[in-house]
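*Asks:* Please read through the structure below; I'll follow up with questions.
None of the figures in this text is laboratory data; all of them are computed from the coordinates on show. Owing to the predicted nature of the structure, the values given are computational and were not obtained by experimental measurement. Glycine also receives a Cβ, built like all others from the backbone with ideal geometry; neighbour counts cover every protein chain displayed.
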Amino acid sequence: MMRTVCWCNHFRADAAIVCLLGAILFVASSRAAEPPDAATQNQRLGRGVNILGYDPIWQNRHEARLQEKHFRLIREAGFSNVRVNLHPFRDGKLGPDHRLSREWFDIVDWAVKNARANGLMAILDCHEYLAMGDDPRGNRERLLAVWRQIAERYKDEPDDVLFEILNEPCEKLTPELWNPLLRDALKIIRATNPRRTVLVGPTSWNSIDALPRLDLPEDRDLIVTVHYYSPFAFTHQGAPWTSQKDTTGVAWNATDQQRRAIEKDFALAASWARQHRRPIFLGEFGALEKGDMDSRARWTSFVARQAEKLGWSWAYWQLDINFAVYDAPRNAWVEPIRRALVPSPASRKQ
Ligand code: BGC
């Protein structure tokens, strides 16, 4: 009898130890699985480049300009993120039920897979800003339906896949409409992706000036994104889609006054970010080929370093086509721009 009691006591003690260890392991593993916060995610994003928005791949996969090898080249050049510009209204073959086509998702899957395989974080950016700016009410349900499907499709991806609700809300998509719309889109995303890092920016084409009118929910897994193209007469000289289509010969010489103007704009964003405790991602900046190369490289380098000084991550606009950092027909980097972005391997992030 004595022996039985002893054995029982031993058994209870052992069982208690096993339970305790189990509980410790459970707590430790759930801590380890805790997703990184938005500030950490923003640091991880580092330096990046916009890709795929205007690639023939969306019309015909055989005509794709971006190939698998380019993801490796992007990584080797020192970038750590790609902002994948998606046009689901233009390319997704949306019918009245707003279903995105399988072919469209195949291309997005391919981009996510190749980005991840090359150690690049991927931002899935909904780039339907023109349609949304033109008719925000008429396109609202389409945007929400698109996010319901993208969120569902990528909900099991790790935290190096991020979502950006909408590129450059503009025109008729005013703060009064954008603030409630971004909340609705975020609610849909959160139903399947409770801790996914989501990027969201202010109206007026994601301009720094519009930050005070951006009204965000309490959600702490948000990175705020802004775009920068000032002075516009320099970055967009000769751009046929803008008011600067007839402008030529504008230089950027990094004069005190020119540098101070950029520092002042960035200081506004930095102070907003501090006040609202939000990390900043500079999702687009670049100067069109019509400007002289020395000015473009000077401006690009100054803007990138300025952003980094403030702890922002960034993505250059854009890989190929125009503003290009990569010359696709020649299969070569546009060296002055690439060097302006990533000055030397030693200064590369990660
Ligand atoms: C637009 C591009 C444009 C760029 C600079 C982007 O958001 O999608 O079409 O070239 O901004 O203006």
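*Asks:* Out of region 287-343, which trypsin sites (Lys or Arg not before Pro) are coil in DSSP terms and have no more than 12 other C-beta atoms within 10 Å? List each step's numbers first, then the result.
*Replies:* Numbers: sites: Lys290, Arg296, Arg298, Arg305, Lys309, Arg330, Arg338, Arg339; in loops: Lys290, Arg330.
Hits after loop and neighbour filter: Arg330.
*Asks:* Still on this model: Taking every pair of alpha-carbon atoms in region 232-318, give the share separated by more than 21 Å as a whole percent.
*Replies:* In whole percent, the long-distance tail amounts to 35.
*Asks:* Note down the relative contact order for the chain as a percent, whole number, built from C-alpha pairs under 8 angstrom at least six residues apart.
*Replies:* Once divided by the residue count of the chain, the mean separation gives 17 percent.
*Asks:* What number, in percent, do you get for the relative contact order of region 114-238 if the mean sequence gap of Cα pairs under 8 Å and at least 6 apart is divided by its residue count?
*Replies:* Across region 114-238, relative contact order equals 25 percent.
*Asks:* Translational D (Stokes-Einstein, µm²/s) of the chain at 25 °C and 0.890 mPa s when Rh comes from the Kirkwood sum over C-alpha pairs?
*Replies:* So the translational diffusion coefficient is about 113 µm²/s.
*Asks:* Report for the chain the percent antiparallel among DSSP-assigned beta bridges with both residues inside it, nearest 5.
*Replies:* On the way: 2 of 31 bridges.
Bridges in the chain are about 5 percent antiparallel.
*Asks:* What FRET efficiency comes out for the pair Ser271/Leu130, r = Cβ-Cβ distance, R0 = 35 Å, nearest 0.05?
*Replies:* Efficiency for this residue pair is about 0.70.
*Asks:* Okay, moving on. Under the 0.36 nm per residue contour assumption, what length would be gained going from the current alpha-carbon distance of Ala233 and Lys113 to full extension?
*Replies:* 39.4 nm
*Asks:* Here is a follow-up. Using a Gaussian network model of the chain with C-alpha springs under 10 Å, which one of Ile262, Ile51, Ile280 is most mobile by mean-square fluctuation?
*Replies:* Highest fluctuation of the listed residues: Ile262.
*Asks:* For the chain, with a Gaussian network of springs between Cα atoms less than 10 Å apart, report the residue from Leu120, Leu130, Leu162 with the top mean-square fluctuation.
*Replies:* Evaluated over the chain, the most mobile residue of the options is Leu130.
*Asks:* Another question, then. Ratio of region 118-247's C-alpha Rg to 2.2 N^0.38 Å, to two decimals?
*Replies:* 1.11
*Asks:* Let me ask something additional. Once the cut-off is 15 Å, how many percent of the Cα-Cα pairs in region 120-180 end up in the long-distance tail?
*Replies:* 52
*Asks:* Using a Förster distance of 41 Å, how high is the FRET efficiency between Glu335 and Arg102, based on the Cβ-Cβ distance and rounded to 0.05? Walk me through the intermediate numbers first.
*Replies:* Values: r = 40 Å, r/R0 = 0.97.
So the FRET efficiency works out to roughly 0.55.
*Asks:* In terms of the ratio Rg/(2.2 N^0.38 Å) built on C-alpha atoms, what value belongs to region 163-228?
*Replies:* Normalised Cα radius of gyration, region 163-228: 1.03.
*Asks:* Over the Cα atoms of region 192-350, what Rg and Dmax result, in angstrom?
*Replies:* 16.4, 50
*Asks:* Run the numbers on region 220-330 and let me know its relative contact order in percent, using alpha-carbon pairs under 8 Å that are six or more apart.
*Replies:* With pairs under 8 Å counted, the relative contact order is 29 percent.
*Asks:* Moving to a separate point now. Per-residue ellipticity at 222 nm for the chain, helices alone: DSSP H runs ≥ 4 residues times -39500 (n - 2.57), over residue total, nearest 500 deg cm²/dmol?
*Replies:* Value at 222 nm, helices only: -14500 deg cm²/dmol.
*Asks:* Next question, about the same structure. If you find the alpha carbon centre of region 144-173 and of region 71-100, how far apart are they in angstrom?
*Replies:* Result: 11 Å between the Cα centres.
*Asks:* Based on other C-beta atoms within 10 Å, arrange Met293, Met132 from fewest to most.
*Replies:* In order of increasing Cβ crowding within 10 Å: Met293, Met132.
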